[in-house]
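Contents: one structure, followed by commentary.
Derivation of every value follows stated rules applied to the coordinates shown; laboratory data play no part. This is a predicted model, so every value here is computed, not measured. So basically every Cβ, Gly included, is an ideal-geometry build from the backbone, and we count neighbours across all protein chains shown.
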Amino acid sequence: MCVEVIRSPAICMIGEMIGEMTGKVTGKRLVHHYGGDLKLETTIESKGTILGTEITFIATFWSKERRQGGKFSKGNGIMMTDSGEMAVLHGSGISMPGKGPAWNLRGVRYLQTSSPALSRLNDVALVFEIEIDPDGTVHDRMWEWK
């Protein structure tokens, strides 16, 4: 996404795509705490590459309905490289219905790691888009936000 600033060249806020993963929804449950909002908790497991490194990603996030439509989601995940290095991710976003019963979730993640292969992501926001198909298939892509 680029934004034109008056009398300046366009400013590009989203940088390179840093990774793409595919996987499945592996669990769902309804959560209701002491009279608060009813939330849907979802767990996904995916595999793919981040910065050219093969990874496995497991995340759980909860979603609640927004008055204006769609859902607000917030969650945490863990990413493991094939060599056993680990990263923790925290994120949030909003989702809207996709085609048919599919959902599209867009938001921002923040990563914390001591992994040399992923450490450059410690200091950036990661813009993501997740598409969840009706059969539970997950397509997850991330870009660096500059």
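Of note:
- Taking label points 7 Å from Cα along the Cα-to-Cβ direction, residue 58 and residue 37 give a separation of 2.7 nm.
- Stretchable slack from residue 16 to residue 28, in nm (0.36 nm times residue separation minus alpha-carbon distance): 1.1 nm
- Projected label points at residue 92 and residue 80, each 7 Å from Cα along the beta carbon direction, are separated by 2.9 nanometres.
- Cα-based Lys pair tally, the chain, threshold under 16 Å, eight or more apart or on separate chains: 10
- Sequence-distant contacts, meaning Cα pairs under 8 Å at least 6 residues apart, place the relative contact order of the chain at 22 percent.
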